[in-house]
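No value in this document is a laboratory result; all are computed from the given coordinates. Values in this document were obtained by computation on a predicted structure and should not be read as measured data. Note that each Cβ is placed from the backbone with ideal geometry, even for glycine, and that neighbours are counted across all protein chains shown.
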Amino acid sequence: MHIPILSALMNYFQGDGRVILPEIELTLFGLGILLIDFTLGVKERYLNAGLALLGTLFSAYTVWKLRIPVDADGSLLGFHDSVVVDPFFLFFAALFLAATVLVVLLSVKYLEIEEEQEGEYYALLLFACVGMMFMASGIDLIVMFLGLETMALSFYVLTGFLRREKRSNEAALKYVLLGAFSSGILAYGFSLLYGLSASTNIVRISAMLGRRSAFISAILHSPQPATAQFNPFLLQLLPVLAFVLIAVGLFFKVAAVPFHQWAPDVYEGAPTPVTVYVSVASKTASFALLLRLFLVVFGATQVNWMYLVAGIAVASLTWGNLAALTQTNVKRLLAYSSISHVGYILLGLVAGNDTARTGIAFYLFAYVFMTAGAFAVLIVLRQKGLIGEELEDLNGLYQRSPAAAVLLLIFMLSLSGIPPTAGFMGKYFIFLSLIETKHPVLAVFAVLYIVPALYYYFRIVVHAWLKQPGEAPRIAMSSAQAVALGVALFVTLAAGLYPEPFTRLAHYALTFGP
Amino acid sequence: MDFVANHILSVVLFTPLVGALLLLFVPRENENAHRIAGNVFGVLGFLVSLPLIRWWHPGASKFSFEENVAWIPSIGARYHLGIDGISLLLVLLTTFLGMIAILSSWSAIHQRTKEYYILLLLLQTGMIGVFMALDFFLFYVFWEVMLVPMYFLIGVWGSDRRLYAAIKFFLYTLAGSVVMLLGILALYFYAPLPAGATRTFDVPTLLAGAQTFSDPLKVWLFWAFFFAFAIKVPMFPFHTWLPDAHTEAPTAGSVILAGVLLKMGTYGFIRFSLPLLPTDTALRSRIISIVIFLSLVGIVYGALVCLMQKDMKRLIAYSSVSHLGFCTLGIFALTPNGLSGSVLQQINHGISTGALFLIVGVLYERRHTRMISDFGGLATPMPNFAAIYLIISLSSLGMPLLNGFIGEFTILQGAFQVSKAWAAWGVLGVILGAAYLLWLYQRVMFGPVTQPANEHLPDLNLRELATLVPLVFLAFWIGIYPKPFFALIEKPVENIVRQVNPNFYPAERAKLPVPELPSAAAETK
């Protein structure tokens, strides 16, 4: 039997459709949640979470399946070379999906306590994930930008999801304004790139930029006819300007100093599961975009922009670590700490060799799970009548819930980079790459910042372990929260105790398709 | 049995860890069960380390009982354990003092007993691992892992300023070890690779490779490692964490800190720093003179500060600065006497200072104060205690027939061979040591009982005797017949001296009268 529309669909999924199948599935599930949400009673709304989980699982399965053709051909291209499926995408897509699963698991009980159990929330999580996946798979400036905006718009809404809470609204507004501003800067950079190369495909842009700079240096070194109508300085300046604008836009998104001011406020104001999502997934996705742009488009000129990135990295390390020392709100503290983590990852970009690439991927991987774990403990703390975000709220956590306290300790150790945890292995690769590429001063900076970092992470530990509990209630952990914490703990410890498979994965991850 | 024999180091290493894991399943309320389980694994940990002596080959010049399994192949880190005579002594010291420290806490700890014993046992595994690891990566993991339980031991069960002391200890040590991490990575990266080989963290390979480095690189590496070890030992300007940590820690914590933790620094000097000394003589002697200068300052300064302490525990803590100064003096004299004296002195310090902390712990449990002025004339109510305390004090100050004398004498002998001035300053430290320890003893034990509360202090009970008597026994053993100990470290020390001070043995031989061999005599004629 031959049904035209069905066979057209089949053809589609053999070709272009295949490269965006994971995203299609997530979108369909997101739309499905929006529809089904109408039919659910108030008490049944948690079922949306189940649907969201199902969607991510389908998508994850597809990503897993895509591995086979990728291993065979190196990469799959689609939509006139604007979307690619390569190891880079597979790694990051898996990471985003894992983060989404963790956030969904952590959200159910939290939203119940906040009395905001709505279907849109889960749909937005999935749409944000779709955006992030396009950020990792796009090799066309338009696709990348659309992915970024899909993600960002979902996040603006999610940050302000607690409509009745002032902090949440304030955070959302701040996020929208600064986010729009940074997107604008980024778009300006993109437009310059297009102007320079007459293409939006980054592979072609890269080739054009190379030819252009070769051409310009050739004419600059040859005698000029008197009638020449160009300013050589301007000609050389344009690619630099494009790079700087793109870099600034992306540094906003990853919250690197001095473009980080939005982060602490947004982290503090957003509902904590959304904070997890912003700090973990949005940052990773922005890094995916940044890595592909920096390494593919501007890869040839690494020696020129290295110093800019190194400056930003050291500034992030310094300011992130110093500002975190005095915070009393754990979410703000972790916001500043995540700024310092950005510094470490950017240092990997400065080194830029093979070890550094492995290190960046490993670091991002570890970062996702250990940060999600640390926030998850805070989410578990959130009970009726207790916000649980101030350092004081952690007092005596050990007496109230020994398991939560042990978990918190392990995540803090990992965040500060004490072996044998995932966080240490991430730092290990970064440090090694700095030594390999002869940046001893940066390496010394980087290692010594572990010391203040340990101090503020252990301020959290001191409150949880060494202070007496006041009137605070005992902690009740839901099973979804327990699963999320268990996953985060497993990865944090496994990647520290037996890093071999994770190292291979990280090594595999930073291979670009075309 | 074969399996155990082939993996004896792993067994010794993980026995405490197994104990800690088992303790996790003991219910929280049952304090006595925690105590019993903790002590059982403390004793067990010591017992399983005894076969190391029995199976030891006295002539072994390289590492024994080696285990070498792949761990993280993609970066070349391996699970590589092995010990030589020096690390054997330190491992035995660790298991022995660990057992005693656990026993000493029976009645001192009343809150969170379960966690207390778990942490002590974890700490035990971490420390043993440091002395056994022959892979830099593994070494670093143990080196860092061990900080966490110690932090909690001080922070939870310490006295009033425990939070401050605990984080100070952690941050100081961490600052040193992250710099060492860079040193390790540089060593890993710059070590020459034979064709086709992958990078490795193997300690012997890397240290052998380091011999080909240029002198400036070696100097940088030396200081990177030095920084970490000098903080750990602690040497003079880096010692400020020590009085706080020792004073605030619970008794068992102080015993472990002084007895074992500080030795990780000196062990690191011997194992890793000495091979990184540059070959250029001028450069080398400048480094040596800096380190020796710091050691001598430490010896004298530590002793002088002891003289003005009001707190017994703080006094003993500062005495460690002085005593460890002897150890580093011996190490960097680079003579066989200095080195073997230093290793022995490390063991002695573990025994004597460990016992001194136990003694303060005994008093603290009875009176809940450590101030010297709160005591006086204790010899009357506590005669057995007085006797043991006297022996230990004498052993610590270097009285002949007791262990301290052997160690200090050998070190001074080794230092004397290089420079008389070094030995002279060292001797000053010995004299001052006698002064502060005897003066402390006099103020606490002699004279009339000054405070009514002290009149009826109970003497040592059986458990306390069980913790102190073995230490007294060891003090006498090393003092009277140290030969078995020297025999263990003779070979490794000789290897080290041959490697780092190649001129020493030929020079010493030249000083000897020419042997009257028949052929040699014939030639001279």
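A few notes on this one:
- With an a/c value of 1.5 or above and a/b not larger than b/c for the gyration tensor axes a ≥ b ≥ c computed over the alpha-carbon atoms, the range A:1-107 is described as oblate.
- Long-range amide H partners of B:Val26 with built H, under 5 Å: none
- Residue-wise HN-Hα coupling along the range B:359-364, computed from phi with Karplus coefficients 6.51, -1.76, 1.60 (Hz; x: Gly, Pro): 5, 4, x, 4, 5, 5
- For the range B:356-423, the normalised intensity computed at q = 0.20, 0.25 Å⁻¹ comes to -0.83, -1.07 (log10 of I(q)/I(0), Debye sum over alpha carbons, equal scatterers, no solvent).
- Global geometry of the range A:445-514, whether rounded, prolate or oblate, following the gyration tensor of its Cα atoms and the 1.5 cut on a/c: oblate
- Protection proxy ranking of B:453-460, A:90-97, A:156-163, B:222-229 - average other beta-carbon atoms within 10 Å, highest first: A:90-97, B:222-229, A:156-163, B:453-460
- Taking label positions 7 Å along the Cα-Cβ direction at both A:Ser213 and A:Thr511, the computed distance is 2.7 nm, reported to one decimal.
- Annotation: Cα Rg of the range B:13-99 relative to the compact-globule expectation 2.2 N^0.38 Å equals 1.36.
- Between B:Leu512 and A:Val483, the simple spin-label model (points 7 angstrom out along Cα→Cβ) gives 7.7 nm.
- Surface/4 estimate of mean projected area, convex hull on alpha-carbon atoms of chain B, nm²: 27.1
- Mean per-residue shielding of peptide B:174-184 is 6, counting Cβ atoms of other chains within 10 Å of each Cβ.
- Additional length obtainable on full extension of the chain from A:Val406 to A:Ile5, 0.36 nm per residue less Cα span: 138.7 nm
- Length added when fully stretched, A:Leu325-A:Glu392, from 0.36 nm per residue minus Cα-Cα: 22.6 nm
- Mean Cβ neighbour count within 10 Å, used as a protection proxy, ranking B:67-77, A:343-353, A:253-263 highest first: A:343-353, A:253-263, B:67-77
- Counts of other chain beta carbons within 10 angstrom of each beta carbon in peptide B:71-77 average 5.
- Within 10 Å of the Cβ of each residue in A:444-451, the mean number of Cβ atoms contributed by other protein chains is 5.
- Interchain or long-range residues, amide H under 5 Å from B:Leu134's placed H: B:His80, B:Leu81, B:Gly82
- With 30 Å as the limit on Cα-Cα distance, the pairs of B:Lys168/B:Lys491; B:Lys263/B:Lys310; A:Lys109/A:Lys283; A:Lys109/B:Lys168; A:Lys331/A:Lys438; A:Lys467/B:Lys313 that go past it are B:Lys168/B:Lys491; A:Lys109/B:Lys168; A:Lys331/A:Lys438.
- Rounded to the nearest 10 degrees, the angle from helix B:420-445 to the longest Cα principal axis of chain B is 10 degrees.
- Cα gyration tensor shape of chain A, rounded if a/c is under 1.5, else prolate or oblate by comparing a/b with b/c: oblate
- Cβ-Cβ FRET estimate between B:His57 and B:Trp220, R0 fixed at 51 Å, reported to 0.05: 0.85
- Under the simplified labelling scheme, the B:Thr450-A:Gln302 pair shows an inter-label distance of 7.0 nm, with each label point 7 Å from Cα along Cα→Cβ.
- Amide proton proximity set for A:Lys467, modelled H, under 5 Å, gap of 5+: A:Gly396
- For the protein assembly as shown, adding -39500 (n - 2.57) for each run of n ≥ 4 DSSP H residues and dividing by the number of residues yields -24000 deg cm²/dmol at 222 nm.
- Each residue of the range A:272-287 was assigned a 3J(HN,Hα) from its phi angle through the Karplus expression (A = 6.51, B = -1.76, C = 1.60, θ = phi - 60°), giving 4, x, 5, 4, 4, 5, 5, 6, 8, 7, 5, 5, 4, 5, 5, 5 Hz with x at Gly and Pro.
- Full-stretch length increase - B:His7, B:Trp439 - with 0.36 nm per residue and alpha-carbon distance subtracted: 150.7 nm
- Taking the longest Cα principal axis of chain B as reference, the axis of helix B:31-49 is set at about 30 degrees.
- Rounded to whole Å, the principal axis extents of the Cα atoms in the range A:298-514 read 59, 34, 26, largest first.
- Note on the protein assembly as shown: Cα-Cα pairs beyond 54 Å make up 26% of the total pair count.
- Cross-link reach is defined here as a Cα-Cα straight distance under 13 Å, omitting same-chain residues fewer than 8 places apart; for A:Lys166 the aspartates and glutamates meeting it are A:Asp265, A:Glu268.
- Compactness of the range B:382-498 - radius of gyration and Dmax, Cα, Å: 18.0, 61
- With a Förster radius of 22 Å applied to the C-beta separation of A:Gln399 and B:Glu31, the computed FRET efficiency comes to 0.85.
- Peptide packing for B:133-144, A:119-130 was compared via the average number of neighbouring C-beta atoms within 10 Å per residue; ordered from the highest value, the list is A:119-130, B:133-144.
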